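**Q** So that we are looking at the same thing, I have put the structure below in structure tokens.
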Amino acid sequence: MSDDAGLQALREAARLSPDNLPLRRLLAGQLLAKGYLADAEAEFRAALALSPQDPELIIGLADVFIRQSGFGEAMAALEPLLATPGYPPAAGVLAARALLGEGDTAKAAYRYFEATSRDASVADQELEARITGAPRPGPPAAGAPTPAGPPATGGPSHAGPPAPPGAATPFLPSVPLPGDASTAEVERSGVSFADVAGMETVKEALRIKLLLPTQQPEMFAAFGKRAGGGVLLYGPPGAGKTHLARAAAGELGAAFVNVGLADILDMYIGNSERNLRATFDLARRNRPCVLFFDEVDALAGRRSDMRSAHGRQLVNQFLSELDGVDQNANEGVLVLAATNAPWYVDVAFRRPGRLDQPVFVPPPDQQARAAILRILCRDKPLAEMDYDAVAQVTEHFVGADLKGLVDRAVEAKLQQSLSAGRPIPLTTQDLLAAAKTVRPTAVREWMGTARNYVMHANDSGAWDELMPWVKAKW
Ligand code: ADP
């Protein structure tokens, strides 16, 4: 039987037994493998109607979307799966591909390295090269010398300096980076705590930890406390962790260095560690400075979860940078790190002087949502606004969702204003109309994941603060 005849027979069988899940799964897989994408999509959807949570089918459907450049659709299909603890690593790699397609390299890197640290066999060199921005390595010619780099001492090149966490592919020899290059940039923050709505307890915690020791050093010295160290901000995506970090820098009059994964992770041996060191040095040269690490769980993951020594080495390097080589190395450098997945962060980071204080950045309640909307709308032409009314219909929206809502309303208003030839002020109705078109992102899923950790993996009491939140109805 030819390939196509085989496929035809499968199609016929599926037509006769439409509820036979294994058959439909097989057919969908074959259609995908042979590149009949429209048919594969229909078949995966039909199979998902029979078994809606099936990870393999979700992955198949997402794959179909990606092959048709439907990156947003692929992420929409994958997101519920990604929110389940221990989701299949293959889903993480596909998500990385979709995120890269959407231009979000940092999130792509996070997904990719998280997935490959759990299962080395899902690694994909071509994707990894695109994520890390490195040229795709070709196979070395037989007998060719290894590319330039410090000669390996004490063993093969794998025993040399480390590489990104979870890296599963054989590691490439080191290529020296120019000087102490860091791709992170120094910013001057234009926002302060006044620009952060709500979050009073979080702001207070940051004030005590970060601001008071620098503003009143004598008092702290009198009690034998040094400024420095860091804070781990955690909570659902979009709840305002980055915004808060930037505001802390503004409040302090400090420089702000915003470090994404793409600034650190590099597929060449040793370069990730060098990038990390260069980034700390950049902050040290610009003190007082807030050094902000987004998605820090990808750099500071639990060493016990890592299969490769390379990932563990990066974590060790991060710990020693936090500790500072000498006592005053990090004087005036305040490290803020953010994560949506604090349970993946190695416990060693919680020791005194490191990221010793986890601070929960919660989703905003109704009052905080109204305050966020007020801040987001304040520089626009406005009619009389009833932010409470909008806050009421935006349950489960986080700051990022509210920003999306305001952006959408403003775009519509701009269109109208352009046609009218005069600025037409934004109204409550505009926001209410936009609210109907924007769906809240991941808070509910995040709370579901957090609940699992709080209820089942909270021996140390580290997540006690989350208890009332995860017990609430979401
Ligand atoms: P996270 O880092 O937690 O993913 P962000 O800090 O990127 O979230 O938040 C996205 C956007 O939402 C911010 O740029 C900001 O405009 C808005 N935002 C979030 N929280 C607040 C807040 N409390 N007050 C004002 N704006 C906020």
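**Q** In the stretch 277-297, what residues are open to solvent by less than 10 Å² (accessible area, probe 1.4 Å) and within 18 Å of the chain's Cα centre (by Cα)?
**A** 291, 292, 293, 296, listed by residue number.
**Q** Related question: Looking only at the stretch 264-299, count how many residues are among the acidic types (Asp, Glu) and either within 16 Å of the ligand (Cβ to nearest atom) or touching a Phe, Trp or Tyr at 6+ places or on another chain (Cβ under 6 Å) (or both).
**A** Adding up the residues that qualify gives 3.
**Q** Here is a list of conditions, (1) within 18 Å of the chain's Cα centre (by Cα); (2) within 16 Å of the ligand (Cβ to nearest atom); (3) of a type outside the set (Val, Ile, Thr), and residue 302 meets all of them except one; can you say which number that is?
**A** Condition (2) is where residue 302 drops out.
**Q** Residues being within 16 Å of the ligand (Cβ to nearest atom) and either buried (at least 22 other Cβ atoms within 10 Å of the Cβ) or assigned by TED's automatic domain parsing to the domain that holds residue 128 (or both): count how many of those fall in the stretch 247-258.
**A** 6
**Q** Given the residues 389, 433, 412, 462, which is the only one that is open to solvent by 20 Å² or more (accessible area, probe 1.4 Å), outside any helix (DSSP H, G or I) and away from the ligand (no atom under 16 Å from the Cβ)?
**A** Just a single option satisfies the conditions, and that option is 462.
**Q** Just to check your reading of the model, which residue among 261, 244 is closer than 19 Å to residue 195 by Cβ, of a type outside the set (Phe, Trp, Tyr) and either crowded, with 22+ Cβ neighbours inside 10 Å or within 16 Å of the ligand (Cβ to nearest atom) (or both)?
**A** When all the criteria are applied, what remains is 244.
**Q** Additional query: Looking at the stretch 192-204 only, could you name the residues that are open to solvent by less than 30 Å² (accessible area, probe 1.4 Å), part of a helix (DSSP H, G or I) and either of a type outside the set (A, V, I, L, M) or more than 10 Å from the ligand (Cβ to nearest atom) (or both)?
**A** Within the stretch 192-204, 193, 195, 203 qualify.
**Q** Which of the residues spanning the stretch 333-353 are assigned to a loop (DSSP other than H, G, I, E, B) and open to solvent by 20 Å² or more (accessible area, probe 1.4 Å)?
**A** Listed by number, the residues that qualify are 340, 351, 352, 353.
**Q** Residues to consider are 394, 449; find the one that is closer than 30 Å to residue 87 by Cα, hydroxyl-bearing (Ser, Thr, Tyr) and part of a loop (DSSP other than H, G, I, E, B).
**A** 394
**Q** If the Cβ limit is 6 Å and pairs must be 6+ apart or interchain, which residue in the stretch 198-216 that is closer than 19 Å to residue 289 by Cβ pairs with which residue that is open to solvent by less than 20 Å² (accessible area, probe 1.4 Å) and in a helix (DSSP H, G or I)?
**A** So the pair list comes out as 206/248; 210/248.
**Q** Can you tell me which of 303, 285 is farther than 23 Å from residue 185 by Cα and without any contact (Cβ under 8 Å) to a residue 60 or more places away in the chain?
**A** Step by step, each of 303, 285 is checked, and only 303 is farther than 23 Å from residue 185 by Cα and without any contact (Cβ under 8 Å) to a residue 60 or more places away in the chain.
**Q** Give just the number: which of (1) open to solvent by less than 50 Å² (accessible area, probe 1.4 Å); (2) in a helix (DSSP H, G or I) does residue 304 not satisfy?
**A** (1)
**Q** To continue, here is another question. So in the stretch 181-191, with the set limited to residues that are open to solvent by less than 40 Å² (accessible area, probe 1.4 Å) and polar (S, T, N, Q), which one is nearest to the ligand (Cβ to nearest atom)?
**A** Result: 189.
**Q** On to the next question. Which of the following residues is part of a helix (DSSP H, G or I) and open to solvent by less than 20 Å² (accessible area, probe 1.4 Å): 77, 62?
**A** Within the list 77, 62, the selection yields 62.
**Q** Being more than 30 Å from residue 350 (Cβ to Cβ) and within 25 Å of the chain's Cα centre (by Cα) narrows it down to one of 395, 411, 465, so name that one.
**A** 395
The values are calculated or read from the model by the stated rules, or taken from the named source; none is laboratory data. Keep in mind it's a predicted model, so treat the numbers as computed, not measured. With ideal geometry, Cβ positions are generated from the backbone for all residues, glycine too; neighbour counts draw on all protein chains shown. These area figures cover heavy atoms from the full protein model, side chains too; ligands, DNA and RNA do not enter into them. Shrake-Rupley method; radii C 1.70, N 1.55, O 1.52, S 1.80 Å.
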